[in-house]
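What follows is a single structure, written as structure tokens, with notes after it.
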Amino acid sequence: MPTAPADPALVGTVVAWFDEHARDLPWRAPDRTPWGVLVSEVMLQQTPVVRVEPAWRAWMSAWPTPADLAAAPTADVLRAWDRLGYPRRALRLQECARAIVARHGGEVPDDEDALLALPGIGSYTAAAVRAFAFGRRSVVLDTNVRRVLARTVGGSALPAPSLTAAEVRTASALVPATDDGAARWAAASMELGALVCTARAPRCESCPVASSCAWLAAGRPGDEHHARRRTQAWAGTDRQVRGRIMALLREALGPVPQHAVDQVWPDAAQRARCVDSLVADGLVARHDPPSPDAEPTYSLPR
DNA sequence: AACGCGGGGGG
DNA sequence: CCCCCAGCGTT
């Protein structure tokens with residue numbers, strides 16, 4: 001992102017806006033736990049809030065602590081994940097719970113390096129858990145914050161396709177010095193990006209920092225990276241086929257015979273490749289047939 | 001640095 | 001129909 005001096009009032013204005021407009025989300029409630037925050041962050045890694053909220057409530061009711069999730073049958077975990085997408089995240093979340101039990105006595109750590117060492121926890125989630133679960137200062141830089149800073153400070157429609165060192169410097173310089181101030185800025189800047197400074201149709205008329213936004217001042221120019229953006233294909237991809245197989249096994253009451261799996265997708269080679277990859281990922285268990293002339297069955301792993 | 005990985009809602 | 005979305009792990 002092109003660097004420009006940030007408006008010194010930016011942080012205070014966005015935080016004041018957040019105090020007024022923050023959504024009432026269960027993982028922000030006063031009785032939230034660090035574990036609840038961590039679960040919400042993993043679910044929200046690639047899934048919108050509206051779909052996460054009911055799944056989060058059911059999940060926290062079933063497994064209120066890391067020890068509870070660590071002890072659960074993996075099949076139950078994958079069913080509770082339901083259609084949140086990227087089910088490998090559910091697997092990693094259970095591995096994460098087991099690591100928290102094994103390494104940290106069942107308590108979510110507040111140390112950045114300890115968080116980063118947990119399965120499924122990367123730089124964003126480690127920073128978010130520190131800020132939202134423990135109120136500690138950290139640089140929370142997700143796609144929403146990147147977009148807010150690209151516009152208000154950088155004057156661009158959208159951030160670069162991948163995170164740059166310049167963006168990290170700009171974001172770091174903006175984070176308030178205190179734990180509480182930094183945590184509030186993190187939540188506020190993400191919320192502004194989610195509710196107002198959205199990717200497609202930003203609501204600049206309702207934006208608290210419109211008067212100091214470099215992008216708005218420049219007349220909302222188009223995205224200079226647009227030509228290089230490529231969207232992920234979906235129809236006919238392995239991801240779609242894997243999704244269908246997982247949906248079939250989630251809904252099944254018992255082991256599913258091969259011929260039933262064969263119904264979910266017409267291309268046999270692609271189907272076989274996807275089943276194999278799901279088995280390799282630990283998302284599907286293959287059971288050998290009782291006799292050599294019978295067919296194998298499949299289920300969610302125990 | 002690039003790629004694979006789900007699924008659904010909104011414009 | 002197209003595009004985006006509170007990223008991570010592997011290569």
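Brief remarks follow.
Yes/no matrix, rows are residues, columns are (1) in a helix (DSSP H, G or I); (2) more than 20 Å from residue A:46 (Cβ to Cβ):
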position: A:141; (1), (2): no, no
position: A:144; (1), (2): yes, no
position: A:148; (1), (2): yes, no
position: A:160; (1), (2): no, no
position: A:172; (1), (2): yes, yes
position: A:177; (1), (2): no, yes
position: A:193; (1), (2): yes, no
position: A:201; (1), (2): no, yes
position: A:208; (1), (2): no, yes
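- The sole residue among A:55, A:4, A:62 that is of a type in the set (A, V, I, L, M), exposed (fewer than 14 other Cβ atoms within 10 Å of the Cβ) and either modelled with pLDDT under 95 or closer than 29 Å to residue A:160 by Cβ (or both) is A:4.
- Checked against the criterion of being over 30 Å from residue A:185 (Cβ atoms), open to solvent by 50 Å² or more (accessible area, probe 1.4 Å) and in contact (Cβ under 8 Å) with a residue 60 or more places away in the chain, the candidates A:23, A:79 yield just one match: A:79.
- Residue check, residue A:101 at pLDDT 95 or above and on the phi < 0 side of the Ramachandran plot: yes
- Output for region A:181-200, where each listed residue is open to solvent by 20 Å² or more (accessible area, probe 1.4 Å) and within 10 Å of DNA strand C (Cβ to nearest atom): A:190, A:194, A:195, A:198, A:199, A:200
- Being open to solvent by 30 Å² or more (accessible area, probe 1.4 Å), under 23 Å from the mean Cα position of the chain (by Cα) and farther than 16 Å from residue A:127 by Cα is a property that residue A:164 has.
- Residue in region A:229-249 that is under 26 Å from residue A:140 (Cβ atoms), within 12 Å of DNA strand C (Cβ to nearest atom) and at pLDDT 90 or above present: no
- Where helices (runs of 4 or more DSSP H) fall wholly inside region A:30-104, the ranges with 2 or more residues that are within 16 Å of DNA strand B (Cβ to nearest atom) are A:34-43, A:49-62, A:74-81, A:88-104.
- Near pairs, Cβ below 6 angstrom, 6+ apart or cross-chain, from region A:274-296 (more than 19 Å from residue A:75 (Cα to Cα)) to any residue that is away from DNA strand C (no atom under 15 Å from the Cβ) and part of a strand (DSSP E or B): A:295/A:257
- Check on residue A:102, open to solvent by 30 Å² or more (accessible area, probe 1.4 Å), free of Cβ contacts under 8 Å to residues at least 60 places away in the same chain and among the small types (Gly, Ala, Ser): yes
Residues are listed down the side, and each one gets a yes or a no for (1) among the basic types (Lys, Arg); (2) in a loop (DSSP other than H, G, I, E, B); (3) out of contact with any strand residue (DSSP E or B) (no Cβ under 8 Å at 6 or more places or on another chain):
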| position | (1), (2), (3) |
| --- | --- |
| A:216 | no, no, yes |
| A:253 | no, yes, yes |
| A:270 | no, no, yes |
| A:295 | no, yes, no |
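- Single condition residue A:200 does not satisfy, out of (1) among the charged types (D, E, K, R); (2) within 15 Å of DNA strand B (Cβ to nearest atom); (3) modelled with pLDDT of 90 or more: (3)
- Only one entry of A:152, A:178 meets the criterion of being under 20 Å from residue A:111 (Cβ atoms) and either assigned by TED's automatic domain parsing to the domain that holds residue A:15 or more than 10 Å from DNA strand C (Cβ to nearest atom) (or both), and that entry is A:178.
The values are calculated or read from the model by the stated rules, or taken from the named source; none is laboratory data. These numbers were taken from a predicted model, which means no experiment stands behind them. When we count neighbours, we look across all protein chains shown, and the Cβ atoms used for this are built from the backbone with ideal geometry, even at glycine. SASA here: full protein model, heavy atoms, side chains in, ligands and nucleic acids out. Shrake-Rupley method; radii C 1.70, N 1.55, O 1.52, S 1.80 Å.
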